[in-house]
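The values are calculated or read from the model by the stated rules, or taken from the named source; none is laboratory data. Since the structure is predicted, the reported quantities are computational estimates derived from the model, not experimental observations. Backbone-built Cβ (ideal geometry, glycine too); neighbour counts: all protein chains shown. Keep in mind that these areas ignore ligands, DNA and RNA; they rest on the heavy atoms of the full protein, side chains included. Shrake-Rupley method; radii C 1.70, N 1.55, O 1.52, S 1.80 Å.
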Amino acid sequence: MPRLTITNLPEHVAIVMDGNSRWAKQHGLPRFEGHWAGAKNVRHVVEVFADYKIGYLTLFAFSTENWSRPKSEVRGLLRVFREMIDSELKLLHERGIRLRHLGVIHRLPLDLRRRVEGATELTKRNTGMTLSIAFDYGGRTEITDAVRRLLANGVTLEKINELSLKEYLYAPEIPDPDLIIRTGGDMRLSNFFLWQAAYSELYFTDALWPGFDRAEIEKALVAYASRQRHFGRR
């Protein structure tokens, strides 16, 4: 159950999960141990947001640019994603959570792609929180892909507008994030939700992702609740 009574909660929260490597360094551990610690924290974070009845939660796990990291680190991140699906899918399904993948799925290894597709198929009729994992995701790539699909479907120039383009984004049925949180202290979006973030509230915290706990989540929700959103109307 929620520990705080917070009014004016966001419908959709998106998180740039940053700080795994620094967390590992602070604890005298190999870099990869930070990724494991971050992965283990996902369940806790999902549970807290589910307690607060947040309808949509999106986690930015792996960017299109992350493929340029050392091959050993990329292989490790893929293994973490694979094992997280294997270990968490049953519990998420039991809790009524619907899983979505955002990104370029065809670049994933075949076995991982099948896991992702199986997880989304299994949970597609669930009516609880929608948990989207942005893996091999880039905001510029998403917009570029949307334009390509729009043109491939024969949409005429006269019919191209914000609404028609939005229909070709990866998940047009998911509302734009009300709140975007970035852990780890950096203050940038890093090519995340460039279209959807037009009027999102931004919240930056020095907490590293493996240490982003209930108290830190509640700080972010309280900060969001205190803001007045005008969407450019004043």
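Which order do 22, 227, 234 take when ranked by solvent-accessible area (1.4 Å probe, heavy atoms of all protein chains), largest first?
234, 22, 227
Compute a Gaussian network model of the chain, connecting alpha carbons closer than 10 Å, and tell me which residue from 29, 189, 221 fluctuates the most.
Looking only at 29, 189, 221, the biggest GNM fluctuation is shown by 29.
Quote the relative contact order of the range 23-151 in percent (integer), defining contacts as alpha-carbon pairs under 8 Å separated by 6+ residues.
33
Can you tell me, using C-alpha contacts under 8 Å and at least 6 residues apart, the relative contact order of the range 79-223 as a whole percent?
20
Give me the Å³ per residue figure for the convex hull around the C-alpha atoms of the range 65-147.
98
Want the number for residue 227 to residue 83: 0.36 nm per residue separation, take away the alpha-carbon distance, what's left?
48.0 nm
May I ask for the distance between the Cα centers of the range 89-161 and the range 163-234, given as a whole number of Å?
19
Report, as a whole number in µm² per second, the diffusion coefficient that Stokes-Einstein gives for the range 176-224 at 20 °C and 1.002 mPa s using the Kirkwood radius over alpha carbon pairs.
Answer from the Stokes-Einstein relation: 190 µm²/s.
Okay, which of the range 46-63 sit inside 16 Å, backbone N to the point 7 Å along the Cα-Cβ direction of residue 190?
Residues 58-63 fall inside that zone.
Using alpha carbon coordinates only, what is the Rg to Rh ratio of the chain, with Rh defined as the Kirkwood radius?
Working: Rg = 17.8 Å, Rh = 18.6 Å.
On the Cα set of the chain, Rg over Rh gives 0.96.
Contour minus end-to-end for residue 213 and residue 65, with contour as 0.36 nm per residue of separation and end-to-end as the Cα-Cα distance? Walk me through the numbers before you get to the answer.
On the way: separation 148, 0.36 × 148 = 53.28 nm, distance 2.71 nm.
So the chain would gain 50.6 nm between residue 213 and residue 65.
Taking 37 °C and 0.692 mPa s as the conditions, I'd like the Stokes-Einstein D for the range 54-108 in µm²/s, using the Kirkwood hydrodynamic radius from alpha carbon pairs. Each step should come with its number before you reach the end.
Working: Rh = 12.9 Å.
My calculation gives 254 µm²/s for D.
From the helices alone, meaning DSSP H stretches of at least four residues, give me the mean residue ellipticity at 222 nm for the chain, per-run term -39500 (n - 2.57), in deg cm²/dmol to the nearest 500.
About -13500 deg cm²/dmol.
Kindly provide the pair-distance distribution of the range 129-234 built from C-alpha pairs, with 10 Å bins from 0 and whole-percent values in order of increasing distance.
That works out to 12, 37, 33, 14, 4, in percent per bin.
Using the Kirkwood radius over C-alpha pairs as Rh, can you work out the diffusion coefficient of the range 1-113 via Stokes-Einstein at 25 °C, viscosity 0.890 mPa s, in µm² per second? List each step's numbers first, then the result.
Working: Rh = 15.7 Å.
Rounded to a whole number, D works out at 156 µm²/s.
What's the carbon and sulfur percent of the range 1-144's accessible surface, probe 1.4 angstrom, rounded to a whole number?
Numbers: 3810 of 7360 Å².
Carbon and sulfur together cover 52 percent of it.
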